[in-house]
Amino acid sequence: MYEDRREDLVNVLKTRGITDENVLRAFLKVERHLFVPDIIKAHAYSDVALPIGQEQTISQPYTVAFMTQALELKGRSKILEIGTGSGFQAAILVEMGMKVYSIERNYEFHQKTQKLYDNLGIRAALIYGDGTIGWQESAPYDRIIVTAGGPEVPKRLLKQLAVGGKMVIPVGDRNIQTMQIITKISDDEFSIKEAPNFKFVPLIGKEGWKSE
Ligand code: SAH
């Protein structure tokens, strides 16, 4: 079901500059309509963010593709995601063969996505908690992806990133953020590339915004 719609979406992603074949292949496979509420399924393959309840959104496909491409994935990497939400971004990473840990602060979303993953047979470690402090138990991570926008880069996430690893994170005010693509060169050296004009829901927590 919806195969043609996924092909159309992949063509849109290509015209917008997504070239990583493995990313595009994952978008042909992962059924986005299963990750959105029933009443908006018809829009699942449009390149727009969609509401998933409680003022949260499943990110725009282009944004998911852009961030995934920016991670420059090769082989099987250990990835930490902050902001599980609908589980779509993590499902793309799992489809690409990654070992995924994903943290969600909203218990309802955490539970709902765990159930969906159980039903679909998607294997990832879903964790309930504040992702701004990371998940020390399984650190270091080859890649970290933050799918909510914070005022700054949480220091503990930089610590939990492996040397040679990459982190993608939107940073800015509550309305607009710049995507920071960070490479950890050594324990205290980082290089940063930036892409402007993204809009994410707020990253709320100890090293994020303090309230909704
Ligand atoms: N990656 C998700 C995007 C969901 S929107 C997807 O593919 O659908 C961002 C999510 O981040 C929301 O579910 C929100 O509850 C969560 N979030 C915000 N602050 C967080 C924090 N400190 N730790 C973990 N999750 C957080």
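The values are calculated or read from the model by the stated rules, or taken from the named source; none is laboratory data. Please read these numbers as outputs of a predicted model, since none were measured by experiment. Methodologically, a virtual Cβ is constructed for each residue, glycine included, from the backbone with ideal geometry; neighbour enumeration extends over all protein chains shown.
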With the structure loaded, tell me whether Ala70 is without any contact (Cβ under 8 Å) to a residue 40 or more places away in the chain and away from the ligand (no atom under 13 Å from the Cβ) or whether it fails that test. no
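Can you tell me which residue in segment 37-82 is farthest from Glu95 (Cα to Cα), limited to those that are polar (S, T, N, Q) and in contact with a strand residue (DSSP E or B) (Cβ under 7 Å, 6 or more places away or on another chain)?
First, pick out the residues of segment 37-82 that are polar (S, T, N, Q): 46, 54, 56-57, 59-60, 63, 68-69, 77.
Then drop every residue that is not in contact with a strand residue (DSSP E or B) (Cβ under 7 Å, 6 or more places away or on another chain), which leaves 57, 63, 77.
Working: Thr57: 21, Thr63: 17, Ser77: 12 Å.
If we take residues in segment 37-82 being polar (S, T, N, Q) and in contact with a strand residue (DSSP E or B) (Cβ under 7 Å, 6 or more places away or on another chain), then Thr57 is farthest from Glu95 (Cα to Cα).
Return a yes/no flag: does segment 126-133 have any residue that is more than 20 Å from Leu50 (Cβ to Cβ), away from the ligand (no atom under 13 Å from the Cβ), surrounded by 20 or more Cβ atoms within 10 Å (Cβ to Cβ) and of a type in the set (Gly, Ala, Ser).
No, that holds for no residue.
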Just to be sure I understand, how many residues within segment 34-46 are surrounded by fewer than 17 Cβ atoms within 10 Å (Cβ to Cβ), within 14 Å of the ligand (Cβ to nearest atom) and not β-branched (Val, Ile, Thr)? 1
In segment 88-122, what residues are away from the ligand (no atom under 12 Å from the Cβ), not charged (D, E, K, R) and not in a helix (DSSP H, G or I)? Met96, Gly97, Met98, Gly121, Ile122
Any chance segment 64-79 includes a residue that's out of contact with any helix residue (DSSP H, G or I) (no Cβ under 6 Å at 6 or more places or on another chain) and at pLDDT below 95? yes
Failed condition for Gln111, given (1) touching a residue at least 24 places away in the same chain (Cβ under 8 Å); (2) more than 19 Å from Glu31 (Cα to Cα); (3) in contact with a strand residue (DSSP E or B) (Cβ under 9 Å, 6 or more places away or on another chain); (4) not basic (Lys, Arg), with all others met? (1)
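Quick grid of which residues meet (1) within 21 Å of Lys159 (Cα to Cα); (2) surrounded by 17 or more Cβ atoms within 10 Å (Cβ to Cβ); (3) of a type in the set (S, T, N, Q); (4) in contact with an Asp or Glu (Cβ under 8 Å, 6 or more places away or on another chain):
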{"site": "Phe88", "(1), (2), (3), (4)": "no, yes, no, no"}
{"site": "Val100", "(1), (2), (3), (4)": "yes, yes, no, yes"}
{"site": "Ile103", "(1), (2), (3), (4)": "yes, yes, no, yes"}
{"site": "His110", "(1), (2), (3), (4)": "no, yes, no, yes"}
{"site": "Lys115", "(1), (2), (3), (4)": "no, no, no, no"}
{"site": "Leu120", "(1), (2), (3), (4)": "no, no, no, no"}
{"site": "Ala124", "(1), (2), (3), (4)": "no, yes, no, no"}
{"site": "Gln136", "(1), (2), (3), (4)": "yes, no, yes, no"}
Please go through segment 29-67 and give me each residue that is in contact (Cβ under 8 Å) with a residue 40 or more places away in the chain and charged (D, E, K, R), ordered by number. Lys29, Arg32, Glu55
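Out of curiosity, is Gly85 in a loop (DSSP other than H, G, I, E, B), on the phi > 0 side of the Ramachandran plot and within 16 Å of the ligand (Cβ to nearest atom)? Show your work before the answer.
Numbers: in a loop (DSSP other than H, G, I, E, B): yes; on the phi > 0 side of the Ramachandran plot: yes; within 16 Å of the ligand (Cβ to nearest atom): yes.
Considered against the rule, which asks whether it is in a loop (DSSP other than H, G, I, E, B), on the phi > 0 side of the Ramachandran plot and within 16 Å of the ligand (Cβ to nearest atom), Gly85 comes out as yes.
Identify all residues within segment 126-171 that are part of a strand (DSSP E or B), farther than 17 Å from Ser59 by Cα and among the small types (Gly, Ala, Ser); write none if there are none.
Our first condition is that a residue be part of a strand (DSSP E or B); within segment 126-171, this holds for 126-128, 141-146, 149-150, 161-171.
Filter again for farther than 17 Å from Ser59 by Cα, leaving 126-128, 141-143, 161-167.
The answer is Ala162, Gly164, Gly165.
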Going through segment 174-212 in order, the residues found to be more than 9 Å from the ligand (Cβ to nearest atom), aliphatic (A, V, I, L, M) and surrounded by 16 or more Cβ atoms within 10 Å (Cβ to Cβ) are Met179, Ile181, Ile182
